[in-house]
Amino acid sequence: MRDFIPVNKPLLDGNEKKYLLECIESGWISSEGPFVKELEQKFAARVGRKHGVAVCNGTAAIDVSVEALGIGAGDEVIMPTFTIISCINQIVRNGAVPVLVDSDPVTWNMDVAQIESRISRRTKAIMIVHIFGLPVDVDPVLDIARRYGLRVIEDAAEMHGQSYKGRPCGSFGDLSTFSFYPNKHVTTGEGGMILTDDDDLAETCRSLRNLCFQPGNRFVHERLGWNFRMTNMQAALGLAQLERLDYFVGRKRAMGARYTELLKDVAALRLPAGNTDYADNIYWVYGVLLEQKSEQERRRLMQRLHEAGMETRPFFFPMHQQPVFRQRGMFQGECYPIAEGMYRTGFYLPSGLALEDEEMTYIASELKRLLA
């Protein structure tokens, strides 16, 4: 009987065991261990940044970034409605106002043409969120931010190794964030990173992730922070993964090309764009949209794929439709048809780095059979 194919299985066949054993044998397993600093430095260098601040997960990286920029009550942050809830949590908790924009139907990222019309006198920041495999068209966003004096948070959680016009994703925001969850190109199990070129912001982020302990006066606090520290063991795993990032990127692009070749003649599917004029798809996940189908039909197809031995995941549920925000009276009457349609008909296939070619062939054949 065929083994069940999970939506993600990481590839851990480099120096992961070696570095983890070094942690255990040395006794350095906490956030005080040397791998944390090494990962911060090497990851920042990879993205062309001055500072890296390692944290316990990608959500923590965004929370710290929002707090470090002083985004608070009444401030507005322009961001996509089509994203994971991690991006919006700290904005709402701080009493700030998320101002949403719809998606671009080709790249599935935020429609940058909508941003300027959403700016008000209370706008403080723009949050860029790169989605699935293609980056946001960054230059127009940075131009708007410069003209209006706005801060930029860049969520590059899904963009390890991706670039925009030859420049690394993660190098564009006042603060940029990454996730090291197991489905990312670089994983630490759980983990994240904040990147910046600003010395003061870097120091603020380091303080916030470490309970705002003060040098020389450790247990006297002038600001509230979190224990968002990354452990030495997580960092050891991440360092081994980072060593192979170029290979991982090449493998993901080959997987994306393989899925596209297998599914290109299926009229019922809209496949992800392979490139734009500023980037080639990195295929963090391989997402598809069902043409002229309903949410119920998408759910039914995903269930049948599960019965055939594979896990799939739906696309993000838009922020303006989330019950937790509707219950607070937020986003009343707001409609973002592209994002809504993407959720109704979109899902992604198993896309982990350890996925084998034979498994992709089987997945594609079952998908075509069920759509026939």
So, with +1 on the Cβ of K and R and -1 on the Cβ of D and E, and no other charges, what is the size of the charge dipole of region 189-270 about its Cα centre, to the nearest 20 debye?
460 debye
Between region 1-50 and region 234-258, the Cα center-to-center distance that results, in Å
12 Å
Sort 190-198, 148-156, 304-312 by the packing proxy (mean of other Cβ within 10 Å over each peptide's residues), most packed first.
190-198, 148-156, 304-312
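Quick one: pull the percent of accessible area on region 210-317 belonging to carbon and sulfur, 1.4 Å probe, ligands and nucleic acids left out. Please report the intermediate quantities before stating the final value.
Details: 2690 of 5590 Å².
Answer for region 210-317 is 48 percent, counting heavy atoms of protein chains only.
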Largest-first semi-axes in Å of the equivalent ellipsoid built from the Cα gyration tensor of region 1-55 are 28, 19, 10
Could you please state how large a percent of the accessible area of region 330-372 is carbon and sulfur, counting protein chains only and using a 1.4 Å probe?
52 percent
Mind listing the Cα extents of region 1-94 along all three principal axes, in Å, largest one first?
50, 45, 26
In units of 2.2 N^0.38 Å, what is the alpha-carbon radius of gyration of region 85-234?
1.12
With label points built 7 Å along Cα→Cβ from the Cα atoms of T260 and Q114, find their separation and express it in nm.
2.6 nm
Spread of Cα-to-Cα distances over 20 Å intervals beginning at zero, given as percent, for the chain
29, 57, 14, 0
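Using helices alone, what [θ] at 222 nm do you get for the chain, with -39,500 (n - 2.57) per DSSP H run of 4 or more residues, divided over all residues and rounded to the nearest 500?
Working: 12 runs with 136 residues, N = 372.
Calculated mean residue ellipticity at 222 nm is -11000 deg cm²/dmol.
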Here the net charge surrounding S120, from other residues whose Cβ is less than 14 Å away from its Cβ (Lys, Arg +1; Asp, Glu -1), is +1
Per the 1.4 Å probe, what fraction of the accessible area of region 101-195, in percent, lies on carbon and sulfur atoms?
46 percent
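Could you order the peptides 135-143, 246-254 from most to least packed, using the average number of other C-beta atoms within 10 Å per residue?
Descending packing order for the listed peptides: 135-143, 246-254.
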In whole percent, what relative contact order does the chain give with Cα contacts below 8 Å and a gap of six or more residues?
23 percent
Rank F35, L20, S86 by how far each Cα sits towards the positive end of the charge dipole of the chain (+1 on Lys, Arg Cβ; -1 on Asp, Glu Cβ) and give me just the farthest.
S86
How much area per residue is accessible in the chain when the probe is 1.4 Å and only protein heavy atoms are counted (Å²)?
43 Å²
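So which of K9/K264; K17/K37; K184/K252; K264/K368; K124/K184; K9/K368 end up more than 21 Å apart, counting from Cα to Cα? Mind dumping the intermediate values first?
Values: K9/K264 25 Å; K17/K37 19 Å; K184/K252 11 Å; K264/K368 11 Å; K124/K184 30 Å; K9/K368 23 Å.
Table pairs above 21 Å Cα-Cα are K9/K264; K124/K184; K9/K368.
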Can you tell me the dipole magnitude for the chain around its Cα centre, using point charges on the Cβ only (Lys, Arg +1; Asp, Glu -1), in Debye to the nearest 20?
480 debye
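The values are calculated or read from the model by the stated rules, or taken from the named source; none is laboratory data. What you see is a predicted model, and the numbers here were worked out from it, not measured in a lab. Neighbour counts are summed over all protein chains in view; Cβ atoms, including those assigned to glycine, are modelled from backbone coordinates with ideal geometry. Heads up: the accessible areas ignore ligands, DNA and RNA and are worked out on the full protein's heavy atoms, side chains in. Shrake-Rupley method; radii C 1.70, N 1.55, O 1.52, S 1.80 Å.
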